[in-house]
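The values are calculated or read from the model by the stated rules, or taken from the named source; none is laboratory data. Given the structure is predicted, the values throughout are model-derived calculations rather than measurements. All Cβ positions, even for glycine, are placed from backbone atoms using ideal geometry, and neighbour counts span all protein chains on display. Side chains included, ligands, DNA and RNA excluded: accessible areas come from the protein's heavy atoms. Shrake-Rupley method; radii C 1.70, N 1.55, O 1.52, S 1.80 Å.
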Amino acid sequence: MWQQLVYGVVEGAMYALIALGYTMVYGILGMINFAHGEIFMVGGYAGVLATGLLLASGAPPFLPLLLAGGVLFAMVASSAWGATMERVAYRPLRGSPVLCPLIVAIGSSFFLSNLVMVCQGNVRLRAPSVARDWLVTTRLHLGGDVHVSALEIAILGAAAVMMAGLTLFIRSTRLGRAMRATAQDRTMAGLMGVPIDRVIAATFLIGSALAAVAGFMWALYNSAILYTEGYLPGMKAFTAAVLGGIGNVPGAMVGGFLLGIVEGLGVGLVSSDYKHVYAFVTLLLVLLVLPRGILGERVAEKV
């Protein structure tokens, strides 16, 4: 059971990173970016490809260099896609009926997954073993049969740094204050001189970069990634955002970890056959008691 708890916390960290993108966009625009799961998947592909290219170019198999290169390229690729989608697909529909952006988001999701399939094929892209084997085989024993690998420690550490950095950014920087003001009242923020378009574009960039880090981690953790693997993690991350209170950044973090832990314990105590059911059962039970999610919707700190 304790080993499953470790697995759950690690998966929860990745869910939380993806959920942050959902909750930030909803907090500012009031829309659900259903293509966010595919942004996560693009980040996974980009990170694995960058790592492979570094090795093929003769770069030394120095693990920190390979991982840093993979993470940076993944963030750039996913951020570029996120910013392009916001500018081309979502911005022209701002102010339109609420179903229009939703339909465009679903269409963007299908477009991205099929584009990756056409460009990379319909087989799983495997992570280079040089970038993964040592991280998986090096383990820290916590007692009994419980252990945590270097890769799991790296995932938790990277997620903690990203979440702490995002929290400080939102609370302490000028752009972060502009994002909070836009989330609270977009019209009034615009009248007070806040560059709304720039704030929204930055929100998509940041959310996409966080999803890219999660995508690269996911590819390393599962040894490979497939073009269809944006859908289910994306839906679970959206569930996590709703669990924590959609539009609330701390809530997305709490929801992500809670969802991962529930899945991990469910697999260990019940059965792995129902792994994908645990998330939605948890959502139903929580919302029956707390309709706004665990942390609710705190208007002054939506993002």
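Might you let me know whether region 265-279 holds any residue that is at negative phi and within 15 Å of the chain's Cα centre (by Cα)?
No; the residues of region 265-279 include none that is at negative phi and within 15 Å of the chain's Cα centre (by Cα).
Would you please list the contacts, defined by Cβ atoms under 9 Å and residues six or more apart or on different chains, that run from a residue in region 105-131 that is within 18 Å of A219 (Cα to Cα) to a residue that is charged (D, E, K, R)?
Listed pairs, sorted by first residue: L112/E38; S113/E38; V116/E38; R124/E229.
Kindly provide the set of residues from region 181-209 that are at pLDDT below 90 and under 30 Å from G44 (Cα atoms), ordered by number.
A183
Under 7 Å between Cβ atoms, which residue pairs at least 6 apart in sequence (or on different chains) link something in region 265-283 that is closer than 19 Å to V146 by Cβ with a partner that is at pLDDT below 80 and exposed (fewer than 12 other Cβ atoms within 10 Å of the Cβ)?
That search, which allows pairs on different chains as well, returns L265/M1; G268/M1; L269/M1.
Can you confirm whether region 264-287 contains a residue that is open to solvent by 40 Å² or more (accessible area, probe 1.4 Å) and under 26 Å from Q184 (Cα atoms)?
Yes, there is a match, as at least one residue in region 264-287 is open to solvent by 40 Å² or more (accessible area, probe 1.4 Å) and under 26 Å from Q184 (Cα atoms).
Does region 230-253 contain at least one residue that is in contact (Cβ under 8 Å) with a residue 12 or more places away in the chain, among the charged types (D, E, K, R), open to solvent by less than 10 Å² (accessible area, probe 1.4 Å) and touching a Lys or Arg at 6+ places or on another chain (Cβ under 9 Å)?
The initial filter retains those residues of region 230-253 that are in contact (Cβ under 8 Å) with a residue 12 or more places away in the chain, namely 230-253.
Within this subset, residues satisfying the condition of being among the charged types (D, E, K, R) are 236.
This time we only want the ones that are open to solvent by less than 10 Å² (accessible area, probe 1.4 Å), so: 236.
Filter once more, so that each one left must be touching a Lys or Arg at 6+ places or on another chain (Cβ under 9 Å): none.
So far as region 230-253 goes, no, none of its residues is in contact (Cβ under 8 Å) with a residue 12 or more places away in the chain, among the charged types (D, E, K, R), open to solvent by less than 10 Å² (accessible area, probe 1.4 Å) and touching a Lys or Arg at 6+ places or on another chain (Cβ under 9 Å).
Out of all the residues in region 168-181, is one or more open to solvent by 40 Å² or more (accessible area, probe 1.4 Å), free of Cβ contacts under 8 Å to residues at least 40 places away in the same chain and under 15 Å from V213 (Cβ atoms)?
Yes.
If you scan region 190-209, which residues turn out to be in a helix (DSSP H, G or I) and either open to solvent by 10 Å² or more (accessible area, probe 1.4 Å) or of a type in the set (F, W, Y) (or both)?
Just the residues of region 190-209 that are in a helix (DSSP H, G or I), to begin with: 190-191, 196-209.
Across region 190-209, the qualifying residues are G190, L191, I196, D197, R198, A201, A202, F204, L205, I206, A209.
Whether any residue in region 24-31 is in contact with a helix residue (DSSP H, G or I) (Cβ under 6 Å, 6 or more places away or on another chain), surrounded by fewer than 24 Cβ atoms within 10 Å (Cβ to Cβ) and either in a loop (DSSP other than H, G, I, E, B) or of a type outside the set (F, W, Y) (or both) is what I want to check.
Looking through region 24-31, at least one residue is in contact with a helix residue (DSSP H, G or I) (Cβ under 6 Å, 6 or more places away or on another chain), surrounded by fewer than 24 Cβ atoms within 10 Å (Cβ to Cβ) and either in a loop (DSSP other than H, G, I, E, B) or of a type outside the set (F, W, Y) (or both).
Given the structure, is G44 open to solvent by less than 10 Å² (accessible area, probe 1.4 Å), assigned to a helix (DSSP H, G or I), in contact with a strand residue (DSSP E or B) (Cβ under 7 Å, 6 or more places away or on another chain) and closer than 23 Å to A201 by Cα? Please lay out each step first, then the result.
Values: open to solvent by less than 10 Å² (accessible area, probe 1.4 Å): yes; assigned to a helix (DSSP H, G or I): yes; in contact with a strand residue (DSSP E or B) (Cβ under 7 Å, 6 or more places away or on another chain): yes; closer than 23 Å to A201 by Cα: yes.
Taking the combined requirement at face value, the residue satisfies it.
Is there any pair with a first residue in region 39-60 that is within 15 Å of L72 (Cβ to Cβ) and aromatic (F, W, Y) and a second that is part of a helix (DSSP H, G or I) and open to solvent by 50 Å² or more (accessible area, probe 1.4 Å) whose Cβ atoms are under 8 Å apart and which are 6 or more apart or on different chains, and what are they?
Sorted first by the residue in region 39-60, then by its partner, the pairs are Y45/Q120.
Quick check on A214: is it open to solvent by less than 10 Å² (accessible area, probe 1.4 Å), under 24 Å from V277 (Cβ atoms), in contact with a helix residue (DSSP H, G or I) (Cβ under 6 Å, 6 or more places away or on another chain) and hydrophobic (A, V, I, L, M, F, W, C)? Steps first, please.
Working: open to solvent by less than 10 Å² (accessible area, probe 1.4 Å): yes; under 24 Å from V277 (Cβ atoms): yes; in contact with a helix residue (DSSP H, G or I) (Cβ under 6 Å, 6 or more places away or on another chain): yes; hydrophobic (A, V, I, L, M, F, W, C): yes.
When the stated conditions are applied, A214 passes them.
Evaluate the following for A214: is it modelled with pLDDT of 90 or more and out of contact with any Phe, Trp or Tyr (no Cβ under 7 Å at 6 or more places or on another chain)?
On the way: modelled with pLDDT of 90 or more: yes; out of contact with any Phe, Trp or Tyr (no Cβ under 7 Å at 6 or more places or on another chain): no.
The answer is no for A214.
With L112, L102 as the choices, which residue is open to solvent by less than 60 Å² (accessible area, probe 1.4 Å), within 12 Å of L29 (Cβ to Cβ), assigned to a helix (DSSP H, G or I) and not polar (S, T, N, Q)? Break it down stepwise before answering.
Working: L112 fails: within 12 Å of L29 (Cβ to Cβ).
Sole residue among the options that is open to solvent by less than 60 Å² (accessible area, probe 1.4 Å), within 12 Å of L29 (Cβ to Cβ), assigned to a helix (DSSP H, G or I) and not polar (S, T, N, Q): L102.
Inspect all residues belonging to region 61-69 and state whether any of them is aromatic (F, W, Y) and open to solvent by 50 Å² or more (accessible area, probe 1.4 Å).
First, pick out the residues of region 61-69 that are aromatic (F, W, Y): 62.
If we keep only those that are open to solvent by 50 Å² or more (accessible area, probe 1.4 Å) as well, we get 62.
There is at least one residue in region 61-69 that is aromatic (F, W, Y) and open to solvent by 50 Å² or more (accessible area, probe 1.4 Å).
Here are some conditions: (1) of a type in the set (G, A, S); (2) closer than 30 Å to F257 by Cα; (3) open to solvent by 50 Å² or more (accessible area, probe 1.4 Å). G165 meets all but one. Which one does it not meet?
(3)
What is the number of the single condition among (1) under 11 Å from G12 (Cα atoms); (2) at pLDDT below 85; (3) among the acidic types (D, E) that E263 does not meet?
Checking E263 against (1) under 11 Å from G12 (Cα atoms); (2) at pLDDT below 85; (3) among the acidic types (D, E), the one that fails is (2).
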